[in-house]
Amino acid sequence: PAWNLQPHHRVLFHAPHAFDASTYEIWAPLLNGAQLVIAPPETIDTTALAQLIPTHHITHLSLTAGMFRVVVEEDVHSLTGLTEVTTGGDTISPTAVDHLLTTHPHIIVRTTYGPTETTLCATQQPWTHTHKPAGSVPLGRAMHHTGLLLLDHHLQPVPPGVQGELYITGTGLARGYTHQPAL
């Protein structure tokens, strides 16, 4: 699976409980034997991250695409000590990915994509200082037990280079859509 967490890893839990990103922050560490660090109730900004990461030996952090860009632009050094940053939820800045990986070549930036119906992520792509996105940041590859199909309006696969709509299959997909096209 994409979340290669080990018992010595620590994930910062700072997302609101009702936000789907909290499922990664809570369940990925707990189901993989890693540790969960609960952030204080104050706003998490670059100053807070620069204190929390070394104090609690945080190794993994999840940030929305917008927050990721802002943190990297404002204080890329606030992420010192991390081994992985996961980001997604919107268009990801290739400039921010490049800047973080240039400044901290040991960090992995894992970009993700997934609609609500997949309970967080359907795709992921790890980026390293030797493997950075060229131009825009693509959606990535399907997660474990997930399938991706690019289909036309007749639900037929489109040829390479032709625009279509992304359909997601697999065990992580919410139920309730079979024979209910209005949903």
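The values are calculated or read from the model by the stated rules, or taken from the named source; none is laboratory data. These numbers come from a predicted model, not from an experiment. Cβ placement follows ideal geometry from the backbone for every residue including glycine, while neighbour counts extend to all protein chains displayed. SASA here: full protein model, heavy atoms, side chains in, ligands and nucleic acids out. Shrake-Rupley method; radii C 1.70, N 1.55, O 1.52, S 1.80 Å.
Of all residues in the stretch 127-146, at least one satisfies being of a type outside the set (V, I, T), touching a residue at least 60 places away in the same chain (Cβ under 8 Å) and either touching an Asp or Glu at 6+ places or on another chain (Cβ under 6 Å) or over 18 Å from V11 (Cα atoms) (or both).
Checking each residue in the stretch 27-61 for being hydroxyl-bearing (S, T, Y) and in contact with a His (Cβ under 8 Å, 6 or more places away or on another chain) picks out only T59. Evaluated against (1) part of a helix (DSSP H, G or I); (2) over 17 Å from F13 (Cα atoms); (3) free of Cβ contacts under 8 Å to residues at least 40 places away in the same chain, T111 falls short on exactly one condition, (1).
Checking the conditions here, which among T119, T103, T130 is within 16 Å of V70 (Cα to Cα) and open to solvent by 40 Å² or more (accessible area, probe 1.4 Å)? Talk me through it step by step, then tell me what you get.
Working: T119 fails: within 16 Å of V70 (Cα to Cα); T130 fails: within 16 Å of V70 (Cα to Cα).
The conditions single out T103.
Taking the stretch 134-170 as the range and being part of a loop (DSSP other than H, G, I, E, B), open to solvent by less than 50 Å² (accessible area, probe 1.4 Å) and in contact with a Ser or Thr (Cβ under 8 Å, 6 or more places away or on another chain) as the test, the residues that pass are V137, G140, M143. Contact annotation: residue pairs with Cβ atoms under 9 Å, 6 or more positions apart or on different chains, pairing a residue in the stretch 20-43 that is touching a residue at least 12 places away in the same chain (Cβ under 8 Å) and farther than 16 Å from L5 by Cβ with a partner that is small (G, A, S) and open to solvent by 70 Å² or more (accessible area, probe 1.4 Å), are D20/G89. There is no residue in the stretch 89-100 that is touching a residue at least 60 places away in the same chain (Cβ under 8 Å) and of a type outside the set (G, A, S).
Going by the conditions given, is G89 closer than 19 Å to S136 by Cβ and at pLDDT below 95? Taking the combined requirement at face value, the residue satisfies it. Among the residues of the stretch 104-128, those identified as closer than 17 Å to H60 by Cα and touching a helix residue (DSSP H, G or I) at 6+ places or on another chain (Cβ under 9 Å) are H104, I107, I108, V109, T111, T112, L120, C121, W127, T128.
Do the conditions hold for H14, that is, is it more than 21 Å from T123 (Cβ to Cβ) and out of contact with any Lys or Arg (no Cβ under 7 Å at 6 or more places or on another chain)? Taking the combined requirement at face value, the residue satisfies it.
A single entry from I92, I58, I44 fulfils the requirement of being open to solvent by 10 Å² or more (accessible area, probe 1.4 Å), in a loop (DSSP other than H, G, I, E, B) and touching a Lys or Arg at 6+ places or on another chain (Cβ under 9 Å): I92.
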